[in-house]
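Single-structure report; data block below.
The values are calculated or read from the model by the stated rules, or taken from the named source; none is laboratory data. Given the structure is predicted, the values throughout are model-derived calculations rather than measurements. Every residue, glycine as well, gets a Cβ built from its backbone with ideal geometry; the counts of neighbours run over all protein chains shown. These accessible areas exclude ligands, DNA and RNA; they are computed on the full protein's heavy atoms, side chains included. Shrake-Rupley method; radii C 1.70, N 1.55, O 1.52, S 1.80 Å.
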Amino acid sequence: MKKILVTGGAGYIGSHTVLALHKKGYDVAIVDNLSTSCKGSVAALEKLTGKCIPFYETDIRNEEEMTDILKREHPDAVIHFAAFSLVGESVSNPLKYYENNLYGTEKLLKAMLTAGTDKIVFSSTAAVYGEPKHIPIVETDKTEPTNPYGETKLAMEKMFRWTANAGNLSYVSLRYFNACGADASGLIGEAHNPETHLIPCILRVANGQEQFVRIFGTDYPTADGTCVRDYIHVTDLADAHVLAVEYLLGGGKSDIFNLGNGQGFSVRQIVETVRAVTHHPIPQQIAPRRAGDPAVLVASSQKAREVLGWNPQLFRPQDIVASAWKWHQTHPNGYKNEP
Ligand code: UDP
């Protein structure tokens with residue numbers, strides 16, 4: 001049985017990917033420093049899989065410990081999620097992002113090379129493109145990040161490319177658009193503190209945890225004046241990671257893929273969808289634009305479909321919101337009240 005080591009496996013996309021790997025028959029071990037996640041997700045995964053999942057509460061910057069773990073677990077590949085991912089925070093505290101995302105990844109790569117693990121699938125982001133020149137965005141488009149988060153992810157991609165070039169590694173970089181939704185079980189889901197993402201922020205209103213949702217900007221050059229994003233279900237994202245691992249294990253060459261649905265929805269459309277799904281009026285307030293938000297971000301994922309055979313299934317906004325609602329209703333405070 002093949003084994004995959006997942007860094008950041010206790011986090012939102014990481015936990016869904018651990019579940020997807022399990023469903024495809026992989027053994028999994030998790031490394032997570034629990035800085036933005038908690039062990040409740042691992043407990044939920046163990047409940048869902050009926051398996052004891054090896055868990056290391058370790059920081060990827062600890063090269064010695066990472067080398068030991070890699071030698072002990074001897075994975076066939078690594079999937080690397082452990083990183084900070086808040087655009088606003090990266091603007092106010094850029095060095096935190098360089099330290100964890102870039103330096104942390106360098107340490108992880110060194111540990112992998114020492115331990116003889118030479119395949120890695122890595123979370124990148126649409127933020128590497130910055131303000132797009134045309135829609136949909138393709139992988140060969142210019143990368144000009146407008147914030148340190150996107151900048152560190154792009155630098156990580158380049159570090160992988162040069163390391164692969166030197167013949168030491170093969171990698172797949174997955175550039176996500178807007179991850180959202182939750183596993184159909186309702187046992188794992190998005191749990192950030194503070195929450196900044198649109199769908200969970202609206203669902204907090206439906207849950208009675210907030211009075212209203214703020215709409216950041218209504219003067220964008222879009223049909224209804226609000227930002228348009230490509231919302232991609234976390235279960236579909238998780239499946240793409242499994243396909244990327246299979247691609248590398250099958251001898252595929254290092255490459256970069258966008259992951260989105262290819263269809264954009266505005267902030268107002270998402271608010272309307274949440275109203276329809278939750279039957280809550282969702283009061284709203286119009287707020288100024290949020291710094292660094294491009295008007296429209298929509299992916300072309302043609303390449304992932306053709307090369308990886310990826311076929312996202314949960315693309316209807318009502319399905320995405322309904323799955324997230326199931327999770328948020330039963331876990332209004334994330335994993336807080338769980339073991
Ligand atoms: N947004 C909003 N109100 C919120 C949170 C987000 O209007 O409370 C908008 C945000 O400005 C962006 C879109 O929703 O246009 C998606 O934001 P999110 O933070 O979910 O993801 P991002 O696009 O930043 O990755």
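Some observations on this one:
- Residue identified as buried (at least 17 other Cβ atoms within 10 Å of the Cβ), more than 19 Å from L259 (Cβ to Cβ) and touching a Lys or Arg at 6+ places or on another chain (Cβ under 9 Å) among G116, G88, G104: G104
- Scoring A238 on the criteria (1) within 13 Å of the ligand (Cβ to nearest atom); (2) in contact with a helix residue (DSSP H, G or I) (Cβ under 7 Å, 6 or more places away or on another chain) leaves a single failure, condition (1).
- Qualifying helices (runs of 4 or more DSSP H) (wholly inside segment 26-94; at least 2 residues being at pLDDT 95 or above): 40-49, 63-73
- Residue tally, condition among the basic types (K, R) and more than 26 Å from R275 (Cα to Cα), over segment 289-335: 2
- Of the strands (runs of 3 or more DSSP E) lying entirely inside segment 197-278, those carrying at least 1 residues that are of a type outside the set (S, T, Y) and touching a Gly at 6+ places or on another chain (Cβ under 6 Å) are 231-233.
Residues are listed down the side, and each one gets a yes or a no for (1) more than 17 Å from the chain's Cα centre (by Cα); (2) closer than 30 Å to Q313 by Cα; (3) in a strand (DSSP E or B):
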| site | (1), (2), (3) |
| --- | --- |
| M112 | yes, no, no |
| I120 | no, yes, yes |
| A127 | no, yes, no |
| S185 | yes, yes, no |
| G189 | no, yes, no |
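- Any hit, segment 151-159, residues being assigned to a loop (DSSP other than H, G, I, E, B) and more than 16 Å from the ligand (Cβ to nearest atom): no
- Residues satisfying the stated conditions in segment 209-241, i.e. surrounded by fewer than 16 Cβ atoms within 10 Å (Cβ to Cβ) and either among the polar types (S, T, N, Q) or within 25 Å of L314 (Cα to Cα) (or both): Q209, Q211, A223, D224
- The set of residues in segment 188-206 being open to solvent by 50 Å² or more (accessible area, probe 1.4 Å) and more than 8 Å from the ligand (Cβ to nearest atom) consists of H192, N193, P194, R204.
- Meets criteria (aromatic (F, W, Y) and either open to solvent by 40 Å² or more (accessible area, probe 1.4 Å) or away from the ligand (no atom under 13 Å from the Cβ) (or both)) for F257: yes
- Residues of segment 315-324 that turn out to be touching a helix residue (DSSP H, G or I) at 6+ places or on another chain (Cβ under 6 Å) and buried (at least 21 other Cβ atoms within 10 Å of the Cβ), as a count: 3
- Filter result (within 11 Å of the ligand (Cβ to nearest atom) and open to solvent by less than 20 Å² (accessible area, probe 1.4 Å)) within segment 273-296: A287, P294, A295
- Note on segment 138-187: residues that are acidic (D, E) and open to solvent by 20 Å² or more (accessible area, probe 1.4 Å) amount to 4.
- Of the residues making up segment 301-314, those that are outside any helix (DSSP H, G or I) and open to solvent by less than 20 Å² (accessible area, probe 1.4 Å) number 3.
- Positions within segment 36-54 being surrounded by fewer than 19 Cβ atoms within 10 Å (Cβ to Cβ), out of contact with any Cys (no Cβ under 8 Å at 6 or more places or on another chain) and free of Cβ contacts under 8 Å to residues at least 60 places away in the same chain, in sequence order: T49, G50, K51, C52, I53, P54
- Positions within segment 207-235 being on the phi > 0 side of the Ramachandran plot and more than 11 Å from the ligand (Cβ to nearest atom), in sequence order: G208, G225
- For the residues E157, E195, the requirement of being of a type in the set (D, E) and in contact (Cβ under 8 Å) with a residue 40 or more places away in the chain singles out E157.
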